[in-house]
Amino acid sequence: MDIVLLAKFVPDIDRIPADAWDRERGPLVRSRLEMAFNPLDRAALRMALEIKARRTGMRIVALSMGPPGAKKILTEAIAYGADSAVLLTDRRFAGADTIATAYTLSRAIKSMSAAGIIDADFAVLCGMQSPDGDTAQVPAQTACFLDGPLYPYVCGLDVDEEKIEFKCLNSVGFQRVVPGRGPFVATATRLCPDLPFYVDLAAMRRANETQVLVWGKDDVELDNRRIGLEGSRTRVIEIFEPQRKHQACEVLEAEGEDFAARSAELLRRLKTSFSTSEAGGRAQAEAEPAVVPGRNYYTGDCVALWEFAGRRLAPVSFETASAAARMARKLRCGSAAVVIGPEDRRAVEDLQAHGAGKVYFVEGVETEKFRVRQQAKAIAALVRKLRPQVVIVPATLTGRVLAPYVSAQLDCGLTADCSALHVADFNRAHVRAKNVLYQTRPALGGNIMATIVSIYEQPGGGRPQMATVRPGALPVRKAPAETCTVEVFRAPELREDFGDSIRVERRAEEEKEIDLEDFEVIVCVGMGVGDRQTIAEVVEPFRAALERFLATPVGLGCSRAIVDAGVLPHSHQIGQTGVVVKPKIYFGLGVSGAIQHKLGMENSRTIVSINRDPAASIHGFADHAVVGEVNSIVPRLTKAMGGLGG
Amino acid sequence: MKEVTAARTADAERLRNYLRDESSTFYGHADELFLPANQAELADVVRAANESHMLLTVSGGGTSITGSRVPTNGGAVVSVERMTSTGREPPTGFKEVHGAGFDILLNAADKTAIVPPAITLSALDEILARSGLLYPPDPTEMSATMGGTVATNASGARSFHYGPTRAWIRRLRVVLPTGEMAELHRGEPAAKKGTVHFTAAGRTVGVPLPPSGEYDMPRTKNAAGLYLAPGMEPIDLFIGCEGLLGVVSEVQVDLVERPDQTLTVVAYFGSCDDAFGFVDAAVSDSLKLAEVPHFLSLEYFDRRSLDFMREAHPHIPKKNVAAAVLFEVPYSEFERHNPYPDTCMLSEVEEALAKHRVVSNWAVPGARREEVRLFRHSLPEAVNDFVRRRSGKIGSDMAVPHEQFRQMMRAYEGESAACGVRFLMFGHIGDDHIHLNYLPENDEEAERAKMAYSRLAKTAVGLGGTISAEHGVGKKCILGENGRLIPYLQVLYGVRGLRAIARVKKALDPNGILNVGNMVPPEMLT
Ligand SMILES: Cc1cc2nc3c(=O)[nH]c(=O)nc-3n(C[C@H](O)[C@H](O)[C@H](O)COP(=O)(O)OP(=O)(O)OC[C@H]3O[C@@H](n4cnc5c(N)ncnc54)[C@H](O)[C@@H]3O)c2cc1C
Ligand SMILES: Cc1cc2nc3c(=O)[nH]c(=O)nc-3n(C[C@H](O)[C@H](O)[C@H](O)COP(=O)(O)OP(=O)(O)OC[C@H]3O[C@@H](n4cnc5c(N)ncnc54)[C@H](O)[C@@H]3O)c2cc1C
């Protein structure tokens, strides 16, 4: 077996130069970003190298579709140990969305196999996503076009002379996958180790001496209408900045009369921005335009996909169901929900309460093991039968890989991780489309927002407009459907004889302590808090209340001064000599914001400081400053969160 | 003290951060903190302190490891941290550029910039990177400020090629201890007849230079003591003066074009002799490399340092490895979209290393420079962190003339083995400047390490070297002959040399208020 490594040349979003933000020219000038080897693809290459080290005669071939500059990362891949590399570059590939990209890649892989560059039996390894789009769609769609299984979210690898075993994340914990024959696609997560930062001189020499194959459109056997702009099923309508970051710090005086009201308002805003991912949420605030009567461009129902949490529907299912119902009211069509699994009364009641007029249960699919291909094919078969106009999928661990596999099956557009959906007319160029779905999502690590539509030339083709939505981003509304019909759909028989085996491991009850970097919300204590007692009596209750309020784990960090004082161990230290964190919300409690501390947290999306000194350095770069004594303010905020509810 | 316009506070908590530095050995006390926002406010603070005979200690980034910014004798602290902009209109040819919270005035055509004292080296680098320019001095600690690095004549790995801070200062503005402003230019008339002259606030100031034989500066990279030499330029008085002679309020630096790319190589050797042999050949240019224009840096890590770093970088090879040399060489793109140097250059470097029996090597292209920086910085940081939690660091900063280098290394090994305290060595081998760090587990070990350190300082001076090549001496003391503490600088210059410094100090700071305690003991100033 050989390995194809997908390598993407991406903007380095960890190091956005200040001048890339050019207000005159739009939100973010991509040409000013430095380009790099997608970090998760590097991790995938590392896995490939580990496998190759245990196999004789195995070849690793790196493949990239991109501008001529992408040759850089292919040369790097060779230096690290890939045997050869193919660069797909052609102006006619430009403008490709995920589906056109995946199509082109899969065709190129086929051609590579035909040309003997790789064996007929091969595996595709790549990162689960890339930081520019963050969609996680290309790997699943590529797997679909190769008609092979997808093993997403690899977080560990066990390899010896006999077998390869991937440890993959799934919604209940892990599954251990021993792949069979190829082609299959496996994707690396952030939990996989990166390549080292060095090679050796001889490896550089070898890379210089190895020719990177450069292929254009005509070197690959493909359907011209499925590549580049023409092959894309989505269109970007608008790109805008999420919110002007760090304009000025908003100051809240603890002594002010309206403190209670204003602090409650602040907490509410933090909560909204936390779940919508854009600080302040422009797309959210936007009033939805009224729907103009007339014949809609698309026909069919709005369909929402489910998500389970254990045996019950997960809360996000109600978000997708509510969204589908809301869209359906606008479009004056029916609203339906799809659940994989046996018929279940309680699920029906719940979904009906959130507006579903029909519920479909898909039977005949394995649910314990997460087999993406099998589930996706069943859903695609149902969608083909229902011919809906909108399909909304939760952007959860499972939804984010299931949806793209389905979209590739149906050849429809897909927008990942939407934080807002609305219906409006599309009037551009020669296309006039009434009431289509506008899908708004963050991109480039949340540095820009994009609004996307799917316009198909033949609207009657049964291709839905499809989106995954970020959990917590859309409102849940109880608006019961008057009636609700239930139907059981038997998935078509599907041969899954890839010779693989999957073993599910539920997560152990007590989770291992996660690293500070992994928290989306961090409470950081500085010398203004100082001692253990205050941490136990003031900070801990605040942290626990935040966890309930935002429904997310909240990490505890500290400044070095706290470590020096022996109050917390070094593993909590944020800063130049500690960890570098980028949470969605950082709370600094009595932290002065010294430069070395700032280096470790300045890229947090929202920075809130509680400090009695209005002139503290941290207020130079915080978004919100609550000025006053920690001991008096923090308990008040803790109490307020109780009042506002979780 | 009288009214001043600058912000001030006596809040103990606010002050606490200014009472120590990164040495973790010096602790001070102060009554007040001044935070001037511009040059006029700064001058005002100094003038007021001078008038009321109040001790004043200047604080920059606080990264010194010599106690130089610690107010051990009390008084007040003045921090320049709010001076983030030069606060003036750009002269012709300059334009104002913002970045990372600072403003600088940049003249890209003339490759020069005017910068405020508070700007950190990392911020300056971030701003300059956008114009493809580089300020070459690169002390490892990039949160150091421009003012602090001028005051300590800081240097870094690339000082091997570029020289120390001193070489890059075109013009300085300083607030003299009297509160008067002086402006000093590179290339100004040199000292004549044993006196160096410059003008400040319209008057001519004369500073007496020591007679010959009283103050001989070592012929190595050096940051110990004032720069005093016949024929010197007045600007050199202030560079490396550790704040004794004035507060830096504005700096005009020289810049160079950023090297296109740099290749970093970490070469692992089976013996120290092989490593030294390679460095000798690189320094003396006997490698005769046609493809390598020059070495930007040459750094050394001994086996113990590698052991120490292995915790964060587990892949550092262990087997048969006795030492490593890290070096950087510039290169340019030889082929579009290829990140590496061309094959001729790679082969040449490989061959040169093979001649010195290299065991293995790591090679890193320019694009991954940040990882290299972190890799290199991880060692001093880990060492500082280790000792902060134990008995304090005893680290050397000595350098000797190249011919004496191996003898000095033997002395380091010999003394350290004899004293039986854990130690490691790393540093700027291209400049014959190695940091020997003791890692004492307890106070008793610390005492033994200090004794060894004293002997080594004397050995270095005996070999014609310096006791501090880059960190400065600050308030450091050392065990003297009779077992009593003496100022560290005395080892290099003797009591006569210290008196020479005190004379210069008194000429510029008659009331003895500024940064008292650095270099010479306070008693000598009265
Ligand atoms: C080389 C080097 C590396 C370093 N690395 C790091 C690092 O990785 N991480 C790091 O954090 N630091 C680091 N430091 C230290 C850094 O410079 C600061 O000293 C440190 O961050 C200060 O911590 P602090 O903000 O908790 O304390 P302080 O600076 O003392 O600030 C305390 C703050 O709390 C406020 N306050 C006090 N009491 C109250 C109260 N009752 N209510 C409300 N507010 C109150 C005060 O106004 C003040 O702003 C490093 C320093 C150096 C030189
Ligand atoms: C991990 C680590 C690595 C280091 N590596 C290096 C290295 O490679 N090379 C090197 O040279 N040093 C190194 N240092 C030491 C230190 O970073 C330098 O001495 C630096 O120049 C100090 O700058 P600062 O801004 O922090 O000054 P401070 O520590 O605040 O002050 C240093 C001295 O300068 C004076 N001073 C500060 N600002 C002014 C001003 N505006 N006007 C007049 N006097 C002023 C102070 O009074 C004091 O005497 C290292 C330190 C650490 C912690």
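Brief remarks follow.
- Of the strands (runs of 3 or more DSSP E) lying entirely inside region A:134-213, those containing at least 3 residues that are under 20 Å from the mean Cα position of the chain (by Cα) and either among the small types (G, A, S) or not assigned by TED's automatic domain parsing to the domain that holds A:V401 (or both) are A:150-159, A:164-170, A:184-188.
- Among the residues of region A:47-101, those identified as β-branched (V, I, T) and either assigned to a loop (DSSP other than H, G, I, E, B) or within 24 Å of A:E161 (Cα to Cα) (or both) are A:I51, A:T56, A:I60, A:V61, A:I78, A:T89.
- Of all residues in region B:45-57, one or more are in contact (Cβ under 8 Å) with a residue 24 or more places away in the chain, assigned to a loop (DSSP other than H, G, I, E, B) and closer than 17 Å to B:G243 by Cβ.
- Boolean, B:E242 is surrounded by 18 or more Cβ atoms within 10 Å (Cβ to Cβ), in a loop (DSSP other than H, G, I, E, B) and modelled with pLDDT of 95 or more: yes
Residues checked against (1) more than 13 Å from chain B (Cβ to nearest Cβ); (2) within 16 Å of ligand 2 (Cβ to nearest atom); (3) of a type in the set (G, A, S):
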residue	(1), (2), (3)
A:Q533	yes, no, no
A:V538	yes, no, no
A:C558	yes, no, no
A:L589	yes, no, no
A:A594	no, yes, yes
A:M601	yes, no, no
A:S604	yes, no, yes
A:G620	no, no, yes
A:V627	yes, no, no
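- Among residues of region B:260-281 that are crowded, with 24+ Cβ neighbours inside 10 Å, those with a Cβ under 6 angstrom from a residue that is among the charged types (D, E, K, R), sequence gap 6+ or separate chain, pair up as B:T264/B:E328.
- Any hit, region B:83-96, residues being modelled with pLDDT of 95 or more, within 12 Å of chain A (Cβ to nearest Cβ) and more than 8 Å from ligand 2 (Cβ to nearest atom): yes
Per-residue answers, yes or no, for (1) aliphatic (A, V, I, L, M); (2) within 15 Å of ligand 2 (Cβ to nearest atom):
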residue: B:R14; (1), (2): no, no
residue: B:V45; (1), (2): yes, yes
residue: B:E51; (1), (2): no, no
residue: B:G61; (1), (2): no, yes
residue: B:V80; (1), (2): yes, yes
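- Yes/no for B:A10 being more than 13 Å from ligand 1 (Cβ to nearest atom) and away from chain A (no Cβ under 14 Å): no
- Positions within region A:48-77 being small (G, A, S), more than 13 Å from chain B (Cβ to nearest Cβ) and under 22 Å from B:Y340 (Cβ atoms), in sequence order: A:A48, A:A62
- Unmet criterion (only one of (1) under 22 Å from B:A399 (Cα atoms); (2) basic (K, R); (3) touching a helix residue (DSSP H, G or I) at 6+ places or on another chain (Cβ under 7 Å)) for B:R130: (1)
- Within region A:168-187, being crowded, with 20+ Cβ neighbours inside 10 Å and farther than 12 Å from A:R506 by Cα holds for A:V177, A:P179, A:G182, A:P183, A:F184, A:V185, A:A186, A:T187.
- B:V292 being in a loop (DSSP other than H, G, I, E, B), more than 22 Å from B:H377 (Cα to Cα), touching a residue at least 24 places away in the same chain (Cβ under 8 Å) and among the β-branched types (V, I, T): yes
- Test: residue in region A:453-464 that is within 17 Å of A:M327 (Cα to Cα) and under 16 Å from the mean Cα position of the chain (by Cα): no
- Cβ-Cβ distances below 7 Å connect the following pairs, each with a first residue in region B:362-373 that is more than 7 Å from every other protein chain (Cβ to nearest Cβ), a second residue that is assigned to a loop (DSSP other than H, G, I, E, B) and modelled with pLDDT of 90 or more, and a separation of six or more residues or different chains: B:P365/B:P339; B:P365/B:Y340; B:A367/B:P339.
- Test: residue in region A:564-581 that is within 13 Å of another protein chain (Cβ to nearest Cβ), farther than 23 Å from A:I13 by Cα, away from ligand 2 (no atom under 16 Å from the Cβ) and at pLDDT 90 or above: no
- Out of A:E517, A:E547, sole residue that is under 29 Å from the mean Cα position of the chain (by Cα), modelled with pLDDT under 85, away from ligand 2 (no atom under 16 Å from the Cβ) and not aliphatic (A, V, I, L, M): A:E517
- Restricted to region A:608-618, and to residues there that are in contact (Cβ under 8 Å) with a residue 40 or more places away in the chain and within 14 Å of another protein chain (Cβ to nearest Cβ), the residue that is surrounded by the most Cβ atoms within 10 Å (Cβ to Cβ) is A:N611.
- Restricting region B:340-361 to residues that are surrounded by fewer than 20 Cβ atoms within 10 Å (Cβ to Cβ) and in a loop (DSSP other than H, G, I, E, B), the residue that is farthest from the other protein chains (Cβ to nearest Cβ): B:R357
- Matching residues, region B:391-444, being in contact with a helix residue (DSSP H, G or I) (Cβ under 9 Å, 6 or more places away or on another chain) and in a loop (DSSP other than H, G, I, E, B): B:S391, B:G392, B:K393, B:S396, B:M398, B:V400, B:G420, B:V421, B:R422, B:D432, B:L439, B:P440
- Candidate set from region B:124-155 (those that are more than 16 Å from ligand 1 (Cβ to nearest atom) and polar (S, T, N, Q)); member that is surrounded by the most Cβ atoms within 10 Å (Cβ to Cβ): B:S155
- Only listed residue being surrounded by 21 or more Cβ atoms within 10 Å (Cβ to Cβ) and either over 25 Å from B:A118 (Cα atoms) or more than 11 Å from ligand 1 (Cβ to nearest atom) (or both), chosen from A:L556, A:L589: A:L589
- You will find that of A:Q596, A:Q576, the residue that is touching a Leu at 6+ places or on another chain (Cβ under 7 Å) and without any contact (Cβ under 8 Å) to a residue 40 or more places away in the chain is A:Q576 and no other.
- Scope region A:102-127; condition outside any helix (DSSP H, G or I) and either touching a helix residue (DSSP H, G or I) at 6+ places or on another chain (Cβ under 6 Å) or among the small types (G, A, S) (or both); matching residues: A:A115, A:G116, A:I118, A:A120, A:A123, A:L125, A:C126, A:G127
- Test: residue in region B:178-194 that is surrounded by fewer than 20 Cβ atoms within 10 Å (Cβ to Cβ), over 19 Å from B:I114 (Cα atoms) and among the hydroxyl-bearing types (S, T, Y): no
- Residues of region B:102-123 satisfying the condition of being under 30 Å from B:A382 (Cα atoms) and either away from every other protein chain (no Cβ under 13 Å) or surrounded by fewer than 18 Cβ atoms within 10 Å (Cβ to Cβ) (or both): B:P117, B:S122
The values are calculated or read from the model by the stated rules, or taken from the named source; none is laboratory data. Predicted, not measured: the structure shown is a model, and the values here were computed from it. As a convention, Cβ positions derive from the backbone with ideal geometry for all residues, glycine included, and neighbour counts pool all protein chains shown.
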